[in-house]
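Engineer: Here it is: the structure, laid out below.
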């Protein structure tokens, strides 16, 4: 009896330790994976060498889930309705010029990205070979690729702006393709 | 205490006069009743800062709306970053300058703009002191009841909306996916907490599917506080993919000023190819006495700057 008690008081120890270790590893793995995914989203931003003299205005804004409201206010609804995961928004500035805004929205699936693209691109601009489908609105480009919807918006449609927004969009397009 | 205040329910009777209107409202009413002033002033030009100064000057100057020593609440439609979706910082900055020139004691921002908003204009350096003196949004909301409301009986709004002496509503004319047009009336939603705004948009159906309800809620929230002055930036306006953009842009290059939000919206809707009669929000606002949408009854002056 005493031995039995002793066994029963000892036997859960290794099991508990084992389960705790598994739990810890699982949580750590999940946290690392989440951090990795965040890192990947930032990694889609163009590198300094691709910015043609433009500079990030400030650290990028990053939001997840319903925090999208804090970034784009009521514009968030169509993303959330389709299935939104996270976004990064980065403004780029150059002396004497208005900013260029790059936004990358990561949706839960390619279908969700396509659905939002359909909303954002309807009736405006011309089709352009960018991502799976893209639209060129002169001062802006919108495209979707994989589970991402990307917008690059300049202050105007001047030749200088056009060169920059096309370069930014292509840089993101290549990075998304590499990550697939 | 703060928690208590933010949940406190004020019943507002919707007489269109705010708590501080003893300073701003009666002066305006006297001026209009005496028939000495224009209803709308419209300034056209490429220098949006100067156009804004000129439009308000045509109305009799900011001193007509902002008495010396008044605490001004400034509600600017500036949350978005794409061209044609936010008030030009030149327009907003001109309003700030005029308020201080008129002797405003302070300016309370009723909704903070995005990072870097003011820096989009080089004029920000010249008026750095004025910008530095702006009181940022407190983010403290109170629940208010609106007695005359048809659909929106309660709303959570930024506390200072009811506390400032004078409200100046600075908005932009643009497309809106829900109510077709966004201007002065729609901008009052900027003073509301997002939960209230979502209530507007969802109504009895999905997002933006109940336009009549959304339009009535916008009219109702405007019962809370009539602006002493409305400035509508109709310089560069997105006419598709609104309110967030990016989308097709038209450039009327006009700044419209007036005290009547319905009249300003009616005029500005026309500037971007819309007809006010077909915008439910404007009609419902006129029906509950928020202003006049028959432009032929108004004294309107247009100038080139």
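Each reported figure results from applying straightforward, stated rules to the coordinates on display, with no laboratory input. Small disclaimer: the values here were computed from a predicted structure and weren't measured. Ideal geometry is used to build each Cβ from the backbone, glycine not excepted, and the neighbour counts take in all protein chains shown.
Engineer: Fewest first, what order do B:275, B:164, A:128 take by the number of other Cβ atoms within 10 Å? Spell out each step's value before the answer.
Structural biologist: Working: B:275 12, B:164 28, A:128 16.
With the fewest neighbours first, B:275, B:164, A:128 line up as B:275, A:128, B:164.
Engineer: Report the FRET efficiency, 1/(1 + (r/R0)^6), for residue A:157 and residue A:66, where r is their Cβ-Cβ distance and R0 is 45 Å, rounded to 0.05.
Structural biologist: Numbers: r = 34 Å, r/R0 = 0.75.
The computed FRET efficiency comes out at 0.85.
Engineer: Once you sort the root eigenvalues of the Cα gyration tensor of region B:113-259 as a ≥ b ≥ c, which label holds: rounded (a/c under 1.5), prolate (a/b larger than b/c) or oblate (the other case)? Can you show the working numbers first?
Structural biologist: On the way: a/c = 1.85, a/b = 1.21, b/c = 1.53.
Oblate is the answer for region B:113-259, as a/c is 1.5 or above yet b/c matches or exceeds a/b.
Engineer: Using a 10 Å cut-off around each Cβ, can you sort B:93, B:123, B:229 from fewest to most neighbouring Cβ atoms? Could the numbers behind the result be given before it?
Structural biologist: Values: B:93 22, B:123 17, B:229 25.
If I rank by nearby Cβ atoms, fewest first, I get B:123, B:93, B:229.
Engineer: Classify region B:41-135: rounded, prolate or oblate, from the alpha-carbon gyration tensor (a ≥ b ≥ c, eigenvalue square roots; a/c under 1.5 rounded; otherwise prolate if a/b is larger than b/c)?
Structural biologist: Numbers: a/c = 1.69, a/b = 1.16, b/c = 1.46.
Judged from the Cα gyration tensor, region B:41-135 comes out oblate (a/c at least 1.5, b/c at or above a/b).
Engineer: Rg (Å, one decimal) plus Dmax (Å, integer) for the alpha carbons of region B:154-219?
Structural biologist: Considering region B:154-219 through its Cα atoms, Rg and Dmax are 12.3, 38 Å.
Engineer: Tell me whether region A:34-162 comes out rounded, prolate or oblate; compute the Cα gyration tensor, take square roots of the eigenvalues as a ≥ b ≥ c, and use a/c under 1.5 as the rounded threshold. Present the calculation step by step, with values, prior to reporting the outcome.
Structural biologist: Values: a/c = 1.67, a/b = 1.19, b/c = 1.40.
Because a/c hits 1.5 or more and a/b fails to exceed b/c, region A:34-162 counts as oblate.
Engineer: Assuming R0 = 30 Å, can you tell me the calculated FRET efficiency for the pair residue B:132 and residue B:50, based on Cβ-Cβ distance, to the nearest 0.05?
Structural biologist: Working: r = 23 Å, r/R0 = 0.77.
Efficiency computed from Cβ-Cβ geometry: 0.85.
Engineer: Just to be sure I understand: of the beta bridges DSSP finds with both ends in chain B, what percent are antiparallel, rounded to 5?
Structural biologist: Details: 21 of 45 bridges.
Percent antiparallel among DSSP bridges in chain B is about 45.
Engineer: Continuing with this model, one more query. Can you give me the distance in nm between label points at residue B:304 and residue A:126, each placed 7 Å from the Cα along the Cα-to-Cβ direction?
Structural biologist: Between residue B:304 and residue A:126, the label points sit 3.3 nm apart.
Engineer: Oh, and also: Hey, what number do you get for chain B at 222 nm if only DSSP H runs of n ≥ 4 count, each worth -39500 (n - 2.57), divided across all residues, to the nearest 500?
Structural biologist: Values: 11 runs with 95 residues, N = 305.
That calculation yields -8500 deg cm²/dmol at 222 nm.
Engineer: Based only on other Cβ atoms within 10 Å, what is the fewest-to-most ordering of B:281, B:193? Walk me through the numbers before you get to the answer.
Structural biologist: On the way: B:281 29, B:193 18.
If I rank by nearby Cβ atoms, fewest first, I get B:193, B:281.
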